[in-house]
Every structure is written in C-alpha cells, then in structure tokens.
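My questions all concern the structure below.
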Amino acid sequence: MNFELFLILVTIAYILLVIVFILGLRKPRDNNGNAKPFVSVVIAARNEETNLPACLDSVLHQTYPSDLFEVIVINDNSTDNTVEICTAYMKEHANLHFTHATENTKIRGKANALACGIDIAVGEVILITDADCRVPPTWIEHTARRYTPDVGLIGGVTLPRNTDIFTGVQSLDWAFTLAMAASTAALGHQHGSIGNNLSFRKKAYDEVGGYRNLKFSVTEDYTIVQAIINSKKWNYLYPIDPLVLVVTEPCPNFKALLRQKHRWGKGALDMKPTGFLIFVIGLLMHVSPFIVLYWGKVVLAATTLMCKFTMDYIFLYKFLKKIEKKDLLRYFYYFECYFIFYVIFLPLLVFFGGKVKWKGRTY
C-alpha cells in the first residue's frame, strides 16, 4: 500500500471534516423566543457532600422567577451527608424538594435516580444537571426562553473547571467534543448531548417512555436524547451561549480520567453511522502520521500533523470565542499531545478495559 498517498487523502478528509464543523458553528441555532414555562431542575446526587452546597447555591439563585421553577434532588443511595445538606437547604428554599431513588429491576444507577425525580416533577420542561456542577444565574432563564412550541429538546455546553495543565487539557477535550456536537446538531445530524446540561419537555420524555422504557446505557444522556430525536416530533437546539455555560469538576487524577473515557467510549458504541465515520477519520488522522514516520517520511508526517494542529486550533478558537473562553487556548499544545494519545488508545480501552466502574458501581 502507498502509505504516503493514504496519509495525504486522510489529511484532506480531516481538513474537510473540520471545515464542515466550522460551518456548523456559524449556522444560526437560536429561535430568540421569550417562553416562560414552569421548569423542574432535576439533580441526582450520590455521595456529593463536597460539591452539593455550591451546586444548590448556583441553581437556586437564578434570574428566572422562583415561582416558575422547582429544584428536585434525588438521593442515589448516598452514605455521606447528602441528606442532611438537602434538609438544611429545604428549610430556606420552598421550591427545593428532596426524594430518594427507589430500586428498579429495569434500570440502574443515575438513570434510575433521574427517573425517580422526573416522576414527581411538575414542570413543563425538565432541566438536568449534576451535583458536581455550578450553573450561571442566567441558566434557567436562557434555556427556558428557547422553548417555543416546536422545541422539545435542548443540549448545552459544560466545561470542567481548570486551574492547571491537567484540568486545562480536560476543558479543551470537552470543548472539542461538545463543539462537534453543537456543530453537527446545527447541520441536522444530532449526536447527543452532555447530561449535566440537558433539558427536554416532559411531554417528549413521556412520549418515548422515559428512562424505564429505554435500553440501559452507562451514558443515559445519549440514550434519552436519541430517543426523543428519533421520535421526529420535536426540534432540537444546541445553543453555544455563555449565559447557559455550566462548569463541572474535572477528574482529579489520571485513573479517574481513564474511567470517565471508558464509560463514554462504551456508551458511544451505539453511535449513528455519521458519528462512526467522524471517529474513523479522526482515528486515521492520528495514527497515519506515525505509520509513515516509521518508514522515515519525517517531513510528510510533520506536515500533516501541522495541518491537523492548525485546523484544530481554528475550530477551537471559533467555538471558545462564542462562549468567551479563549483563554483556554493556552493549553492547546498540551491538549494536542493528549488528544493523539487519547484517540489512538480509546478503542483499546473500550474493547479491552473490562466493565465500567463509576460512582462506586460496576456495569
């Protein structure tokens, strides 16, 4: 095989793919609505005593009228002070409710906890985040306003908090992934959303049977998003807006990061054909330069990698500018080194990494 020609073709395909992503970022995605539905914010908490107070403080102090939203926290079999924290907050906030996840033979883990919370939610719109997240004060208002009558599902951008190279690389990793998701959604090819910044009409959720009627997945957010999209009854929005940007806690160490990627990779096995094509092109772009490098083609390998780095930088710049996070580009070179390693070894991690371990559970 002529590996030189193959690498050139792969590089061209990658450049064209990123150009498509950039065009997707430029496509209008907002409906500029002014809807004010009643919103139920649902938060599943499992041993989150460290993060829960900051999360509740951010969710409860919103620009959206307090009589138009409720917050429901579900205790997912916590063994720490989660219950006591919620009890204390409920004394000061009438729109905060608390319940316990009940055992279910059909679904497990976070999906079960969320289902228990949604069961008691009275909101027209369900808005989900995680207990280790902090949301901006405009989060509910600027998500809810987009729910014109035809909209049934809205994704959102979340980035890990960054303080050093390790956490900064994670932030760029999330930015790259969610930028692709937002771009492809704008182009009509929805590939899911992050579950800690996700909302949908309760009617749309009920129409697909909710989490209890769907195939169990370690990435329950992807499953519910695809179910609602596949119903073909509702429009889907994926705004790129700093007013709805959520911040989450990064993985504290490399072991936790591996477990997160393992879980995400397992969940992505159900991806659409277009998602698989995107992954294959990306994988080949990361592997091929090192194949020709093995055969001594140093200049060609370096040139193609430089083309890749340039396209990645432009794409991230366009996205981060929209959410006012261009400062994250200071971690770009570290991110590219990590990105190469991650994409090459992710298939090995998914297929040979064993069972998924997450939040003290094994799936």
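Show which aspartates and glutamates lie in cross-link reach of residue 308 when reach means a straight Cα distance below 17 angstrom and same-chain residues fewer than eight apart are skipped.
Within the straight-line limit of under 17 Å, residue 308 reaches these aspartates and glutamates: 4, 173, 336.
Under a cut-off of 19 Å between alpha-carbon atoms, report the aspartates and glutamates in cross-link reach of residue 233, not counting same-chain residues fewer than 8 places apart.
Filter leaves 30, 124, 150, 206, 207, 221.
Then there is this: Specify, per residue and in Å³, the volume enclosed by the convex hull of the alpha carbon atoms belonging to the chain.
133
Convert each backbone phi in segment 6-12 into a coupling constant with the Karplus relation 6.51 cos²θ - 1.76 cosθ + 1.60 (shift: θ = phi - 60°), then list the ³J(HN,Hα) values in order as whole Hz, x for Gly and Pro.
Along segment 6-12, the couplings run 4, 5, 4, 5, 4, 5, 4 Hz.
Continuing with the same structure: Rounded if a/c is under 1.5, else prolate if a/b beats b/c, else oblate: with a ≥ b ≥ c from the C-alpha gyration tensor eigenvalues square-rooted, which is segment 136-176?
oblate
Next question. Sticking with the crude label model, points 7 Å out along Cα→Cβ, report the distance from residue 341 to residue 35 in nm, one decimal please.
Calculated label separation equals 4.4 nm.
Just to check I understand the Karplus step: with θ = phi - 60° and J = 6.51 cos²θ - 1.76 cosθ + 1.60, what whole-Hz values come out for segment 170-178, glycine and proline as x?
So the J values, rounded to whole Hz, are 4, 4, 5, 4, 5, 4, 5, 5, 6.
Once phi is turned into θ = phi - 60°, what whole-Hz ³J(HN,Hα) does the Karplus curve with 6.51, -1.76 and 1.60 give for every residue of segment 339-355, x standing for Gly and Pro?
Each residue's phi maps through the Karplus curve to give 4, 4, 4, 5, 5, 5, 9, 4, x, 5, 5, 5, 8, 10, x, x, 6 Hz.
Right, here's the next one. Which net charge results for the neighbourhood of residue 197, defined as the other residues with beta-carbon distances under 12 angstrom from its beta-carbon, given Lys and Arg at +1 and Asp and Glu at -1?
So the surrounding residues net to -2.
Give the aspartates and glutamates whose C-alpha is closer than 17 Å to that of residue 355, dropping any in the same chain fewer than 8 places away, or say none.
In chain and number order, the partners are 220, 270.
Could I ask something else about it? Let me make sure I get this right: for segment 173-262, a, b and c are the square roots of the gyration tensor eigenvalues over alpha carbons, sorted descending. Under 1.5 in a/c it's rounded, otherwise prolate if a/b > b/c, else oblate. Which is it?
It comes out oblate by the Cα gyration axes.
Taking the chain as a Gaussian network, Cα atoms linked when under 10 Å apart, which of 128, 165, 74 shows the biggest mean-square fluctuation?
Answer for the Gaussian network model of the chain: 165.
Still on this model: Taking 22 Å as the cut-off for C-alpha to C-alpha distance, list the pairs among 36/215; 110/326; 232/272 that go past it.
36/215; 110/326
If you don't mind, there's one more thing I want to ask. Which shape class applies to segment 244-357: rounded if a/c is under 1.5, otherwise prolate when a/b exceeds b/c and oblate if not, where a ≥ b ≥ c are the square roots of the Cα gyration tensor eigenvalues?
Oblate, since a/c reaches 1.5 and b/c is not below a/b.
While we're here: Over the chain, calculate the relative contact order: mean separation of alpha carbon pairs under 8 Å at least 6 apart, over the residue count, as a percent.
The normalised contact order for the chain reaches 22 percent.
If you take every DSSP beta bridge fully contained in the chain, what fraction is antiparallel? Give it as a percent rounded to 5.
The answer is about 30 percent antiparallel.
All of the numbers you see were taken from the coordinates with simple rules; none came from a lab. Remember, predicted model here, so these are calculated numbers, not experimental data. Reconstructed Cβ throughout: ideal geometry from the backbone, glycine too, with neighbour counts over all protein chains shown.
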